[in-house]
Amino acid sequence: MQTVEELELKLSEPSERLIRDVGRIKGDIMILGLGGKMGPSLAKLLKRALDKSGTTKKVMGASRFSNESMYNELSNFGIDCYKVDLLNDGALKGLPDAENVIYMAGNKFGTAGNEHFTWAMNAYLPGRVAEKYKRSNIVVFSTGNIYPFMTIDSGGATEKVRPLPIGEYAQSCLGRERVFEHFSVKNGTKMLLYRLNYALDLRYGVLLEIAKKVVSEKPIDLSMGHVNVIWQGDANEYAIRSLLHCESPANKLNITGPETISVQWLAEQFGEHLGKNPIFENRPAKTALLNNASRSFDLFGDPLVTLNEMIMMTVEWIKSGGEEIGKPTHFQERKGDF
Ligand SMILES: NC(=O)c1ccc[n+]([C@@H]2O[C@H](COP(=O)([O-])OP(=O)(O)OC[C@H]3O[C@@H](n4cnc5c(N)ncnc54)[C@H](OP(=O)(O)O)[C@@H]3O)[C@@H](O)[C@H]2O)c1
């Protein structure tokens, strides 16, 4: 895979299990925060799955569309796009109702020094959205950052681990969950809190970041020595299928790949395939931000794209000078300063 067109096609290719499940979703779907890294390919995947399932449901999406061309691209794909700032209450109220909502809006980078905005986005807006869409099923994108660091031999935090977020970004994400949970109980709204760790799509993500350091012979910090990753296509498929698992009080579901992956091992894989000797700094800590998504595999089946495929696709992408989004994950961060 070498071009954005090929990548977009792969990301939006619906599996049989997705086509079957979208046929069971009742009513239209609204995606809030459509314009980011994951939203456009989620919307296209959903649209293609609906078309193949032979059911007619509207796919709608709202975002500020900071990337202006995305508005036209998604509109041309058959998505009903609304250009709004969700923090503008009038604009939020003016959005069409929908039986199903996938909530992807949030703020992470630039939190340090602008904490108030992150809290407004991540913990205030959820209350406004929960009231507006109180009669909908809502899948709420959350993050594994709400968990404490886990030992690297623990298998990662399951949904039973008590949240202990590190730093204000992660705390505000727990705020997002708690506010949605409150309205789930108060209004009986069915929800699923989708706790994701590190999706990637070749243009961005943990693998690209490590591979690029290997190529440029820059030191790779091993202090966050272990990670979880998942192919964005699989993460998006799980998010759509999560609409069938919304509950009141809110259901909680971890989403990531099945492996606890050593950063050093990843760099060595890239070194081998790219003909470089990786340079390391610091020693791996005994703990890391680790998510255990085994419950999601029971519900949905294993991810369709394996770790080795992601590594090999990343190698090919880098060799062919593939496009990059330029939004690093900062997965190395141990103090929660984003
Ligand atoms: N990608 C990952 O690996 C990962 C991991 C854990 C959690 N998450 C969470 O999952 C969600 C989706 O991930 P992502 O990577 O696609 O995030 P993202 O790139 O940050 O996309 C979220 C999008 O929401 C839109 N948005 C933000 N504020 C808005 C506002 N006031 N009004 C309207 N739209 C607004 C923005 O698009 P516009 O500029 O068009 O408004 C933004 O790009 C995010 O909440 C993210 O924090 C992602």
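The values are calculated or read from the model by the stated rules, or taken from the named source; none is laboratory data. Small disclaimer: the values here were computed from a predicted structure and weren't measured. When we count neighbours, we look across all protein chains shown, and the Cβ atoms used for this are built from the backbone with ideal geometry, even at glycine. Remember, those area values only see protein heavy atoms, side chains included, never the ligands or the DNA or RNA. Shrake-Rupley method; radii C 1.70, N 1.55, O 1.52, S 1.80 Å.
Looking at segment 94-142, the accessible area is 39 square angstrom per residue; that uses a 1.4 Å probe and ignores ligands, DNA and RNA. Over the chain, DSSP H runs of length four or greater, each weighted -39,500 (n - 2.57), average out per residue to a 222 nm ellipticity of -11500 deg cm²/dmol.
Taking every protein chain into account, the accessible area of segment 1-63 amounts to 40 square angstrom per residue (probe 1.4 Å).
Run the numbers for K276 and D97: contour at 0.36 nm per residue of separation, minus the present Cα-Cα distance, in nm. My answer for the length gained is 59.1 nm. Long hydrophobic helices in the chain: the complete DSSP H runs spanning 24 Å or more by Cα along their own axis with mean Kyte-Doolittle hydropathy of at least -1.0 are 167-187. Full extension of the segment from L299 to K327, taken as 0.36 nm per residue of separation minus the current Cα-Cα distance, would add 7.0 nm. Listed values for segment 253-262 are Karplus-derived 3J(HN,Hα) couplings in whole Hz (6.51 cos²θ - 1.76 cosθ + 1.60, θ = phi - 60°), namely 9, 7, 10, 6, x, x, 9, 8, 9, 6, and x replaces Gly and Pro.
Just the protein heavy atoms count here, and of the accessible area of the chain at 1.4 Å, carbon and sulfur take up 49 percent. For a label point 7 Å from the Cα of S262 along Cα→C-beta, name the residues of segment 217-238 whose backbone N is under 11 Å from it. Backbone N within reach: 226.
Taking all protein chains together and a 1.4 Å probe, the residues R195, R135 rank R135, R195 from largest to smallest accessible area.
The residues of segment 201-334 expose, per residue, 40 Å² of accessible area to a 1.4 Å probe.
Rg and Dmax, both from the Cα atoms of the chain and both in Å, are 19.2, 58.
Distances between placed amide hydrogens fall under 5 Å for A62 paired with I31, L32, G33, L34, Y82, all partners being 5 or more residues away or on another chain. For segment 55-60, backbone phi angles converted through the Karplus equation (6.51, -1.76, 1.60; θ = phi - 60°) give residue-by-residue couplings of 9, 10, 9, 7, 10, 10 Hz, Gly and Pro being listed as x. Amide H contacts of L196 (H built 1.01 Å from N, in plane; Pro and chain starts excluded): S142, T143, G144, I255 sit under 5 Å, all sequence-distant by 5 or more or on other chains. Return one quarter of the surface area of the convex hull spanned by the alpha-carbon atoms of segment 255-334, equal to its mean projected area, in nm². One quarter of the hull surface, i.e. the mean projection, equals 6.8 nm². Using C-alpha pairs below 8 Å separated by at least 6 residues, the relative contact order for the chain is 20 percent. Charged neighbours of S262, selected by a Cβ distance under 14 Å, balance to -2 (K, R count +1; D, E count -1).
Close amide H partners of D221, meaning residues 5 or more places away or on another chain with modelled amide H under 5 Å apart, are E281. For segment 85-92, putting each phi into the Karplus relation 6.51 cos²θ - 1.76 cosθ + 1.60 with θ = phi - 60° gives couplings of 8, 5, 6, 7, 4, x, 5, 4 Hz, in residue order, rounded to whole numbers and with x for Gly and Pro. Annotation: peptides 174-182, 161-169, 69-77, 140-148, ranked by per-residue average of other Cβ atoms within 10 Å with the highest first, follow the order 140-148, 174-182, 161-169, 69-77.
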